[in-house]
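For reference, the structure discussed in these notes is given below.
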Amino acid sequence: MRFPGGEVLIGYGYDAGAFSGRRCWPRLPPCMLCACKRRQLPRKDEMSAGAGAQIQPSLAAIREAQKFLAQYFAETRLIAGPFLSQRTAKNVYLKLETELPTASFKVRGAFYALAQRMKKEAVREVIASSTGNHGAAVAYAAKEFGIAARIFLPANCNPVKRGRIAALGAALVESGGGDLASAFRLAAEYAKQPGVYFLNDATDLDLPAGPATIACEILEQLPKASAIVVPMGDTALIRGIAAAAKQVAPQVRIIGVQAERAPAYYLSWKQGRVVGTETCDTIADGLATRTPEAENVRDVRALVDDVVLVSEEQMLEAIAILLMEEHVLAEPAGAASTAALLKAGEGCGDFPVLLVSGANIPREVLKRAL
Ligand SMILES: Cc1ncc(COP(=O)(O)O)c(C=O)c1O
């Protein structure tokens, strides 16, 4: 089914039974508008932690991830952003996930999820389908843990990310398609072999506890944080951060950001059902998702306070501001939080934290920004 604006309805029929065993949310109410079997996804105010629901990942899992990751990585810095503060009349802070190995937050989830799986069973090879940053993180974790890695990339992948993966010694498989769908299909087929673990960051149950540790660090570094602004691709990042924040400091607003040219989760969050898009052609390759997972939509809807769309131009302007004024390098996805603050910062309170989630930017994109 097609909607005005080009989005395509790819699925509905949310019966809690369909998700049994994965998450402990209350049963969803049936659609009140008609006699169809569709069940509406609940809104955040209808389904908060207080409604008897178990937020995932649990605080225990997040604390375990924090302890585990501390063996490998130092806390990333939270720095003040004086230019952005002056421009917005707020006290703006930047969380520099770009300081981690492979220059993005992704190592947090890849290390934790891979270690969890290796505790449960022997892993001969770990594979991932990725636009690049998750693939680089998986390759880095595999190298650290002494196992093989194979990364399935879309055609025309960001060359900086591709180079990082190759340098880490992972096998590379480039799919014919320009988005992640065909890379995913190839990976899923390959994963049928014994001993192969497909670390899919859109659906892996252990992984969000990794990025959740970012929120724990922020809340220790700046207890008065009023909001955390988080770019959204497949949403493991925001689901982890929101789960941690809602359990530790529920007053902190969690604001998601998507690219106008890849708005599938924004549309799904807004409409309360899974809405896919036909394309996701954006310079923010880390945010290029067009087929949301129903469970992720439900969790984002339950835990995220607002979602903002930003244009290509707004992300380019944010890259330039971060580099020239705050001396921070960010790729488009990493600058999306800054773009969102500049576009619609009213709901962020006085102490917003912008997640600078990655810095793997091709030279041509940097030149366009400057
Ligand atoms: C730099 C960067 N920021 C944000 C994201 C979004 O993370 P997630 O897919 O977990 O929503 C990605 C995903 O690839 C990314 O590479």
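With respect to the conditions (1) within 14 Å of the ligand (Cβ to nearest atom); (2) charged (D, E, K, R); (3) modelled with pLDDT of 95 or more, ASP285 falls short on a single one, namely (3). Selection within segment 218-257: residues that are part of a helix (DSSP H, G or I), in contact (Cβ under 8 Å) with a residue 24 or more places away in the chain and under 16 Å from ARG77 (Cβ atoms). The member of this set that is nearest to the ligand (Cβ to nearest atom) is ILE218.
Within 16 Å of the ligand (Cβ to nearest atom), under 20 Å from ARG363 (Cα atoms), of a type in the set (S, T, N, Q) and assigned by TED's automatic domain parsing to the domain that holds ILE319: is that true of THR98 in this structure? Yes, satisfied. Residue count for segment 213-235 satisfying the condition of being within 18 Å of ALA335 (Cα to Cα) and touching a Ser or Thr at 6+ places or on another chain (Cβ under 9 Å): 9.
Scanning segment 127-185 for residues that are of a type in the set (A, V, I, L, M), in a helix (DSSP H, G or I), surrounded by fewer than 22 Cβ atoms within 10 Å (Cβ to Cβ) and free of Cβ contacts under 8 Å to residues at least 60 places away in the same chain turns up ALA166, ALA167. Can you tell me which residue in segment 282-304 is surrounded by the most Cβ atoms within 10 Å (Cβ to Cβ), limited to those that are among the aliphatic types (A, V, I, L, M) and within 12 Å of the chain's Cα centre (by Cα)? Among those residues, the one meeting the criterion is LEU287.
Among the residues of segment 264-281, those that are closer than 12 Å to GLY233 by Cβ and modelled with pLDDT of 95 or more comprise ALA264, TYR265, TYR266. Restricting attention to segment 89-107, the residues that are over 23 Å from ILE165 (Cα atoms) and buried (at least 17 other Cβ atoms within 10 Å of the Cβ) add up to 6. Cβ-Cβ distances below 9 Å connect the following pairs, each with a first residue in segment 324-352 that is touching a residue at least 40 places away in the same chain (Cβ under 8 Å) and within 14 Å of ALA89 (Cα to Cα), a second residue that is among the aromatic types (Phe, Trp, Tyr) and more than 12 Å from the ligand (Cβ to nearest atom), and a separation of six or more residues or different chains: PHE351/TYR93; PRO352/TYR93.
Only one of the listed residues (ALA202, ALA209, ALA215) is under 22 Å from SER268 (Cα atoms) and either within 13 Å of the chain's Cα centre (by Cα) or within 14 Å of the ligand (Cβ to nearest atom) (or both). That residue is ALA202. Would you confirm whether any residue within segment 264-275 is part of a helix (DSSP H, G or I), within 14 Å of the ligand (Cβ to nearest atom), surrounded by fewer than 24 Cβ atoms within 10 Å (Cβ to Cβ) and under 17 Å from the mean Cα position of the chain (by Cα)? Yes: segment 264-275 contains one or more residues that are part of a helix (DSSP H, G or I), within 14 Å of the ligand (Cβ to nearest atom), surrounded by fewer than 24 Cβ atoms within 10 Å (Cβ to Cβ) and under 17 Å from the mean Cα position of the chain (by Cα). When LEU316, LEU322, LEU366, LEU341 are checked against the criterion of being away from the ligand (no atom under 12 Å from the Cβ), modelled with pLDDT of 95 or more, crowded, with 21+ Cβ neighbours inside 10 Å and more than 22 Å from ALA244 (Cβ to Cβ), a single residue qualifies: LEU322.
The values are calculated or read from the model by the stated rules, or taken from the named source; none is laboratory data. Fair warning: this is a prediction, and the values are worked out from it, not measured in the lab. Positions of Cβ are backbone-derived with ideal geometry, glycine not excepted, and every protein chain shown enters the neighbour counts.
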